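This report refers to the structure that appears directly beneath it.
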Amino acid sequence: MKIKNVVVIGSGTMGSGIAAHLCNANIPVTLLDLKTEISENARDRIHKSRPPLLIDKSKINNIKVGNISDDFDVVKNADWIVEAVVERIDIKHKIYEKIFKARKDGAIVSSNTSSIPIKVLSEHLTDVEKKDFCITHFFNPVRYMGLLEIVKNENNDLNKINQLKEFCEIELGKGAIICNDTPGFLGNRVGVYAMQVAMTEAFKMKLSVEEADAIFGRPMGIPKTGVFGLYDLIGIDLMADVLKSFIKELPDTDEFHEVAKEIPLVKKLIETGYTGRKGKGGFYRMNKTGASKVMEAINLESGDYFPSKKIDVKSDKVDLRALINRKDKYGEYAWSVLSKIIKYASSLVPGITKEFNDIDEAMRLGFNWAKGPFEMLEEIGVKNFFDKVDDFTENSFLENLSKTKNEDFYGERQKYTNIETLGKVKKTASSIDGNDSAKIYRFNDYNIVEFTTKANALNYDSMDALKNATDKPLIIINESMQFSAGVNLTYTMEFADKNDFKSIEKFIKYFQETCKHLKYSKYPVISAPSGLTLGGGFEVMVQSNFVASHTNIVVGLVETLVGLIPAGGGCKEMLARWLDTNEAKADPNYAPLKVFDIIGYGRTASSPVEAEPMKYLRPSDKKIMNRNSLLEVSKKILLDNKDFKAPNELQFKLPGKAVRGEMDKILDKLYNDKVILDHGVLVAKELAHVLSGGDTTIDKTLSEDDLFKLELDAFMKLMETQKTKDRIKHTLKTGKPLVN
């Protein structure tokens with residue numbers, strides 16, 4: 001049965017997100033709620049959403065809206081009906097009664113619940129109806145979170161469940177994992193337990209909230225919000241309700257009860273309105289002192305707030321073995337939390353799933369962990385784990401592993417999908433080399449480079465890996481959240497603070513050489529970006545020969561926001577793309593002015609559809625819904641280009657001073673309107689100098705190396721100014737741009 005038409009009932013956050021994502025996949029969808037204006041308002045929220053739920057805003061027109069009373073007939077034509085109403089079983093049962101009376105034979109009906117068991121949801125359904133009913137638990141925001149849990153039980157038609165899984169995987173780009181009907185399913189069962197362990201152990205060990213978040217974050221391969229920051233983000237009151245649901249559903253013998261006990265401080269925070277970011281604050285709060293704002297953190301013992309302190313745990317990489325062996329309170333905390341998570345997750349096999357690595361994938365896709373519990377165990381090492389761990393009786397998984405001591409217990413990754421994913425392929429590499437910033441996986445016919453730094457920021461080692469991997473066709477791809485957020489600014493500022501500008505210039509030159517080497521390599525180079533692809537990350541991508549892009553990218557050249565200009569070939573490549581237009585052939589000023597606008601404002605695109613009009617991506621670049629498919633698509637590009645020949649080097653004819661006059665007029669207006677200040681003008685003038693071709697005229701021909709030199713000179717001139725250094729330091733500290 002093919003799914004060609006979908007109805008979503010309930011236009012709240014999740015229903016709207018599901019409907020929007022069906023639009024992204026070009027699936028006709030109708031959104032129903034109690035009143036049509038509620039659905040209309042939801043459609044308006046989708047259109048204005050930030051981050052955007054739609055990869056193309058025009059797709060909003062694909063969502064039809066209506067109300068349950070007058071428009072329920074649309075259910076008759078639906079191949080899949082998704083219920084996403086409020087989490088009240090009486091309301092859901094009434095909706096199901098209406099759906100099953102109206103639906104066509106064989107149509108799939110599912111609930112987006114995150115907490116109600118399928119046996120409770122389906123208790124009034126007939127045996128025939130139960131065959132077609134399941135839970136499809138999407139994670140919020142639906143467009144960006146990869147996990148979809150499809151919950152089945154013994155009544156289901158497994159062929160239909162597998163058809164739904166295939167549709168959601170291929171058409172919607174989801175990591176669709178089938179799991180059993182148990183409380184919290186896969187992701188939330190382990191994820192919420194992990195949060196509770198991280199919290200309760202912090203209380204026990206008398207760690208500050210900042211210390212706990214610093215460890216239960218980047219060093220563990222967990223998002224930097226940590227546990228207390230995540231509690232505030234979700235809502236402390238909402239988390240309390242989630243815990244009550246688990247306590248109600250789980251047997252008394254489950255270890256979850258131990259970490260779900262009510263904490264007096266948490267109870268007090270909820271009672272006083274400190275429910276997190278949506279309330280007056282939570283474990284963290286923003287306190288206004290005069291004209292300034294100060295981030296404060298709560299003392300877990302006294303309940304008082306103090307200015308939040310940045311904790312430097314001297315660990316910027318995920319190295320679990322080193323982390324748990326630290327001879328300090330951070331090592332003790334890390335081991336206590338990790339060992340408990342591993343013990344709990346392994347105790348759930350085969351109860352919630354027979355494939356333990358499905359739990360890992362649920363944590364990767366639903367919680368953005370770099371590694372799931374079993375991958376954590378694999379990295380720590382089986383012997384090391386059992387040398388340190390305490391009692392694990394009645395845990396058959398660990399009991400068996402303790403007997404075999406099999407360090408290679410993990411086997412194949414990502415069993416839930418038949419796609420040839422990067423995670424699966426890496427284990428089959430003929431050899432692995434690289435350095436601290438990037439890994440090179442070598443195969444018979446091609447190489448893979450995977451960046452491994454924080455946010456995959458680029459440095460000398462990243463460039464070395466790229467150069468060393470071009471002895472064969474090369475695919476640049478990774479499993480982390482970002483492709484690359486650009487050049488490592490912290491690394492650059494270390495030199496700037498010492499006034500060692502020669503080292504910065506040397507690095508930028510090497511970056512330029514590497515990008516040019518990629519572009520004109522003997523073998524094809526493919527970039528497969530997902531997530532942030534900014535600044536230097538964009539420059540690597542744009543100077544690759546081919547691109548296979550995930551639909552969830554944020555792409556662009558943002559250097560002006562930190563007082564710099566792109567210097568790795570970004571200006572050059574954007575000029576080349578805009579010069580290759582009919583408008584530019586008729587008007588020599590057209591391309592420089594277009595690129596001046598795009599780079600000057602640091603414009604970004606949040607999808608390939610938005611990227612194409614700015615020429616960040618080309619029409620020929622592949623756009624992929626399912627991130628897992630990026631490697632397969634990249635390999636097919638290699639297969640289709642066995643006769644690859646490197647492109648010819650570019651040449652440029654630019655108008656020089658003739659176009660800078662127009663650029664100056666734009667800057668004068670922006671300055672007079674106070675859109676930009678003094679340093680903004682200086683940055684823009686340096687950008688204008690590069691994009692106009694410097695001291696050239698339209699009858700002269702410039703090479704790529706000429707453009708590279710213009711970029712480098714402008715970059716270095718700005719790098720040596722105090723105001724650019726101020727911008728960089730402000731951005732590194734706050735994550736926000738400084739206007740100066």
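Taken over the stretch 342-374, the criterion of being charged (D, E, K, R), closer than 17 Å to Met220 by Cβ and in contact with a Phe, Trp or Tyr (Cβ under 7 Å, 6 or more places away or on another chain) is satisfied by Lys343, Asp360. All conditions but one from (1) under 20 Å from the mean Cα position of the chain (by Cα); (2) closer than 19 Å to Met239 by Cβ; (3) of a type in the set (Gly, Ala, Ser) apply to Gly221; the one that does not is (2).
Close Cβ contacts (under 7 Å, 6 or more residues apart or on different chains) running from residues in the stretch 379-393 that are closer than 14 Å to Leu338 by Cβ to residues that are in a helix (DSSP H, G or I) and of a type in the set (Phe, Trp, Tyr) comprise Lys388/Trp335. Would a scan of the stretch 246-265 turn up a residue that is among the small types (Gly, Ala, Ser), assigned by TED's automatic domain parsing to the domain that holds Leu320, crowded, with 19+ Cβ neighbours inside 10 Å and in contact with a Gly (Cβ under 7 Å, 6 or more places away or on another chain)? No - not one qualifying residue is present in the stretch 246-265. Answer yes or no as to whether Gln482 is touching a helix residue (DSSP H, G or I) at 6+ places or on another chain (Cβ under 6 Å) and in the same structural domain as Arg627 (by TED's automatic domain parsing). Judged against the criteria, Gln482 is a match. In the set (1) more than 14 Å from Asp33 (Cβ to Cβ); (2) free of Cβ contacts under 8 Å to residues at least 24 places away in the same chain, Ile91 fails one condition alone, (1). Any residue that is in a helix (DSSP H, G or I), in contact (Cβ under 8 Å) with a residue 12 or more places away in the chain, out of contact with any Gly (no Cβ under 7 Å at 6 or more places or on another chain) and surrounded by fewer than 15 Cβ atoms within 10 Å (Cβ to Cβ) - is there at least one of those in the stretch 125-144? Yes; the residues of the stretch 125-144 include at least one that is in a helix (DSSP H, G or I), in contact (Cβ under 8 Å) with a residue 12 or more places away in the chain, out of contact with any Gly (no Cβ under 7 Å at 6 or more places or on another chain) and surrounded by fewer than 15 Cβ atoms within 10 Å (Cβ to Cβ).
The residues of the stretch 1-36 that are without any contact (Cβ under 8 Å) to a residue 40 or more places away in the chain, in a helix (DSSP H, G or I) and closer than 16 Å to Asn112 by Cβ amount to a single one, Ser16. Could you tell me whether any residue of the stretch 583-595 is touching a residue at least 60 places away in the same chain (Cβ under 8 Å) and either in contact with a Gly (Cβ under 6 Å, 6 or more places away or on another chain) or not assigned by TED's automatic domain parsing to the domain that holds Asn740 (or both)? Checking the stretch 583-595: not a single residue is touching a residue at least 60 places away in the same chain (Cβ under 8 Å) and either in contact with a Gly (Cβ under 6 Å, 6 or more places away or on another chain) or not assigned by TED's automatic domain parsing to the domain that holds Asn740 (or both).
Residue under question is Pro223, and the condition is that it be modelled with pLDDT under 95, part of a helix (DSSP H, G or I) and in the same structural domain as Asp312 (by TED's automatic domain parsing); does it hold? Answer is no for this residue. Taken over the stretch 700-740, the criterion of being at pLDDT 95 or above and part of a loop (DSSP other than H, G, I, E, B) is satisfied by Lys700, Thr701, Glu720, Thr721.
With the condition being within 18 Å of Lys439 (Cα to Cα) and touching a residue at least 24 places away in the same chain (Cβ under 8 Å), I'd like the helices (runs of 4 or more DSSP H) fully within the stretch 449-565 carrying at least 2 qualifying residues. Ranges flagged: 460-468, 501-519, 536-542. Between Ala240, Ala214, Ala198, the distinction of being buried (at least 24 other Cβ atoms within 10 Å of the Cβ), among the small types (Gly, Ala, Ser) and either touching a Gly at 6+ places or on another chain (Cβ under 7 Å) or in a helix (DSSP H, G or I) (or both) belongs to Ala198 only.
Which pairs do you get when a residue that is in the same structural domain as Phe139 (by TED's automatic domain parsing), found in the stretch 44-60, comes within reach of a residue that is in a loop (DSSP other than H, G, I, E, B), reach meaning Cβ atoms under 6 angstrom, with the pair 6+ apart or on two chains? Within 6 Å, the pairs are Ile46/Leu53; Pro52/Ser606; Leu53/Arg143; Ile55/Thr551; Ile55/Ser607. Screening the candidates Ile247, Ile234, Ile263 for the property of being without any contact (Cβ under 8 Å) to a residue 24 or more places away in the chain and aliphatic (A, V, I, L, M) yields one hit, Ile247. Test Asp312 against the stated conditions and say whether it is at pLDDT below 90, among the acidic types (Asp, Glu), surrounded by fewer than 17 Cβ atoms within 10 Å (Cβ to Cβ) and over 29 Å from Gly146 (Cβ atoms). Yes.
Residue-wise test of (1) more than 32 Å from the chain's Cα centre (by Cα); (2) hydroxyl-bearing (Ser, Thr, Tyr); (3) crowded, with 17+ Cβ neighbours inside 10 Å.
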| position | (1), (2), (3) |
| --- | --- |
| His679 | yes, no, yes |
| Val683 | no, no, yes |
| Ala688 | yes, no, yes |
| Gly694 | yes, no, yes |
| Asp705 | yes, no, no |
| Leu710 | yes, no, yes |
| Lys725 | no, no, yes |
| Ile728 | no, no, yes |
| Thr734 | no, yes, no |
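The residue list Ser484, Ser480 contains one member that is surrounded by 22 or more Cβ atoms within 10 Å (Cβ to Cβ) and under 24 Å from Trp369 (Cβ atoms), which is Ser484. Any residue at all in the stretch 586-609 that's within 14 Å of Leu687 (Cβ to Cβ), among the aromatic types (Phe, Trp, Tyr) and not in a helix (DSSP H, G or I)? Within the stretch 586-609 (the criterion being within 14 Å of Leu687 (Cβ to Cβ), among the aromatic types (Phe, Trp, Tyr) and not in a helix (DSSP H, G or I)), the answer is yes, since at least one residue qualifies. Scan the stretch 281-311 for residues that are part of a loop (DSSP other than H, G, I, E, B) and in contact (Cβ under 8 Å) with a residue 40 or more places away in the chain and the total you get is 9. Does any residue of the stretch 490-497 turn out to be surrounded by fewer than 21 Cβ atoms within 10 Å (Cβ to Cβ) and closer than 29 Å to Arg143 by Cβ? No, the conditions are met nowhere in the stretch 490-497. You will find that of Ser110, Ser39, the residue that is crowded, with 17+ Cβ neighbours inside 10 Å, part of a strand (DSSP E or B) and not basic (Lys, Arg) is Ser110 and no other. Output yes when any residue across the stretch 98-109 is more than 30 Å from the chain's Cα centre (by Cα), without any contact (Cβ under 8 Å) to a residue 12 or more places away in the chain and more than 19 Å from Ala20 (Cβ to Cβ), and no when none is. Among the residues of the stretch 98-109, at least one is more than 30 Å from the chain's Cα centre (by Cα), without any contact (Cβ under 8 Å) to a residue 12 or more places away in the chain and more than 19 Å from Ala20 (Cβ to Cβ), which makes the answer yes.
Residues that are part of a helix (DSSP H, G or I), touching a residue at least 24 places away in the same chain (Cβ under 8 Å) and farther than 17 Å from Lys522 by Cα within the stretch 636-673 comprise Lys657, Ala658, Val659, Arg660, Glu662, Met663, Asp664, Ile666, listed in sequence order. One residue stands out among those in the stretch 156-195 that are part of a helix (DSSP H, G or I) and of a type in the set (D, E, K, R): the one that is surrounded by the most Cβ atoms within 10 Å (Cβ to Cβ), which is Arg189. Restricting attention to the stretch 598-615 and to residues that are touching a residue at least 24 places away in the same chain (Cβ under 8 Å) and among the charged types (D, E, K, R), the residue that is surrounded by the most Cβ atoms within 10 Å (Cβ to Cβ) turns out to be Glu610.
The values are calculated or read from the model by the stated rules, or taken from the named source; none is laboratory data. Since this is a predicted model, take the numbers as computed values, not measurements. Neighbour counts run over all protein chains shown; Cβ positions are idealised from the backbone, glycine included.
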